[in-house]
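Structure first, then comments.
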Amino acid sequence: MAKIGDEILRVEHLKHYFTSGRGKKKIVVKAVDDISFSVYKGEVFSLVGESGCGKTTTGRAIIKLYNATGGNVFFHGQRIIADVREAKKMLKAGEISREDYKQVIYDKKFERVVTPEMKKEAKALTEDSPDVQERLKEFNDKIDDAKKRVGEAELELQRVTAEAQADPTNKELKEEVKKAKNNLVSTKKEVRLNEIRIKRVKHIERRRILRRNKDLMRRMQMIFQDPIASLNPRMTVKEIIAEGLRINGEKDEAEIDRRVKESLKIVGLVPEHAARYPHEFSGGQRQRIGIARALVANPSFIIADEPISALDVSIRAQVINLLNDLRENFGVTILFIAHDLSVVKYFSDRVAVMYFGKIVEIGDKDKIFDNPLHPYTLSLIDSIPHPDPLYEQARGEIKRYNPMKQHDYSVEGPTLREVEPGHVVLCNTKEFEEYQARIKANKK
Ligand SMILES: Nc1ncnc2c1ncn2[C@@H]1O[C@H](COP(=O)(O)OP(=O)(O)OP(=O)(O)O)[C@@H](O)[C@H]1O
């Protein structure tokens, strides 16, 4: 098992709402409704839940294929999604300092820097940067000082020119005019020089921000559910895999070639495959191409959105084993989105269970599968088909989750609470006590 380490991703109160229609006909679908969790280096963290509960939307919001409605997301400690509205509320309520609020604004700009308006945003961000502000102030002060001296030099030149005109034979005065002219030119040059310095500082900062942002987001990659729809049929395998490298500025053809071949090899394909088109491959091979495309960027974190559900049962295990190898050999952390619980049980370290846009339970795989607490998790686990047909026949009807019947939130609503170390359940106080009693009884 790979060593599990520091927090690599932190999701705080993430929301994603889809809206359609206007006015009275406006419909809001709260696909992801205030979810929080962390993912640690080297682990496989699975998001499970029935179709439509918001798993895919969560993955897409994290990698910024969607613009999140609210919440914060940190990746390698850097905020990549920032909630300005929430921060404003917290500032008003005195819950955060003005400095913290400014940081959120700064991060919001950083977040947007990966969109098409990259350069524009980086420019705005540059002008806000405290370091840049300090340097710009230094140069602006120099410009102000030099401009003052330009004014003085102009007056001096006028004065000596008038004197020289009044006394045209005076050689000394002629010399003074020359000196005054030179002084004016060099002082003007000083102004110009500092203006250029300002431009350069801004330019360098802008480049630095863009690079930081690209480098960071490149470390997060996604593997999609449908390997057919997610590969451009008109591009060769090499072009598909190399696309990400080219977008990120790689121009060296030999290097591109080397990295494409390396990625193909890791996913079990051969270099000769690079010249072919996606339709020449089977479903499983196409998914391998999708994985190679993600891998070429050397990611630390992969969001695998139902990567095997569109594949033939016979090749699912191969793709899962490949993902497992990536984790073992390259320390890649995986957010695995799936509804096939038997795969999740085999493949995950920790599991989060989602129901209608909310997380209802998070815990180590063993806790979720052997000792589920939330009634929705119980019904989900209960619905896993058992390999023994006799057992299947005997177990009777699967208990369906019915939130209206199974909870009483009339007095107190639920919040996510830690019922035992590393095991969090959505519950109110009464349920919390029941769950704790159940854990105690199970331990006896
Ligand atoms: N582009 C969209 N526009 C409007 N509603 C959407 C959109 N995409 C998803 N939804 C809705 O958001 C909710 C969550 O969908 P999502 O695809 O995230 O769920 P899921 O758990 O990944 O489901 P599945 O396992 O079927 O992929 C669903 O009610 C879905 O209908």
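Values for this structure:
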| quantity | calculated |
| --- | --- |
| Cβ crowding within 10 Å averaged over residues, with 29-35, 399-405 ranked highest first | 29-35, 399-405 |
| Cross-link pairs Lys148/Lys179; Lys365/Lys405; Lys148/Lys188; Lys89/Lys430; Lys64/Lys251; Lys30/Lys55 - those with Cα-Cα distance over 20 Å | Lys365/Lys405; Lys89/Lys430; Lys64/Lys251 |
| At R0 = 51 Å, FRET efficiency that the Cβ-Cβ distance of Glu255 and Glu433 yields, to 0.05 | 0.25 |
| Residue with peak Gaussian network fluctuation, the chain [Cα springs, cutoff 10 Å], from Lys26, Lys147, Lys358 | Lys26 |
| Of Lys345/Lys367; Lys137/Lys202; Lys41/Lys440; Lys109/Lys202; Lys358/Lys444, those spanning more than 22 Å from alpha-carbon to alpha-carbon | Lys41/Lys440; Lys358/Lys444 |
| Order by protection proxy (mean Cβ within 10 Å, highest first), peptides 417-425, 382-390 | 417-425, 382-390 |
| Residues Lys444 and His76, FRET efficiency given R0 of 51 Å [Cβ-Cβ distance, rounded to 0.05] | 0.75 |
| Cα point-scatterer Debye curve for the stretch 304-444, base-10 log of I(q)/I(0) at q = 0.18, 0.19 Å⁻¹ | -1.15, -1.22 |
| Of Arg22, Arg234, Arg218, the one that fluctuates the most in a GNM where the chain has Cα springs shorter than 10 Å | Arg22 |
| Long-range amide H partners of Ile96 with built H, under 5 Å | Leu91 |
| Net length gained if the chain between Thr236 and Arg197 were fully extended (0.36 nm per residue, minus Cα distance) | 9.5 nm |
| Nonlocal amide H pairs with Tyr40, under 5 Å, H built at 1.01 Å | Ile8 |
| Percent of Cα pairs exceeding the 21 Å cut-off, where the set is the stretch 127-209 | 47 percent |
| Stokes-Einstein D for the chain, Kirkwood Rh over Cα pairs, 20 °C, 1.002 mPa s (µm²/s) | 82 µm²/s |
| Residue of Ile381, Ile81, Ile62 that the Gaussian network model of the chain assigns the largest fluctuation, springs spanning Cα pairs under 10 Å | Ile381 |
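Values quoted throughout were computed directly from the atomic coordinates according to the rules given, and no laboratory measurement underlies them. Computed from a predicted model, the values in this text were never measured in an experiment. When we count neighbours, we look across all protein chains shown, and the Cβ atoms used for this are built from the backbone with ideal geometry, even at glycine.
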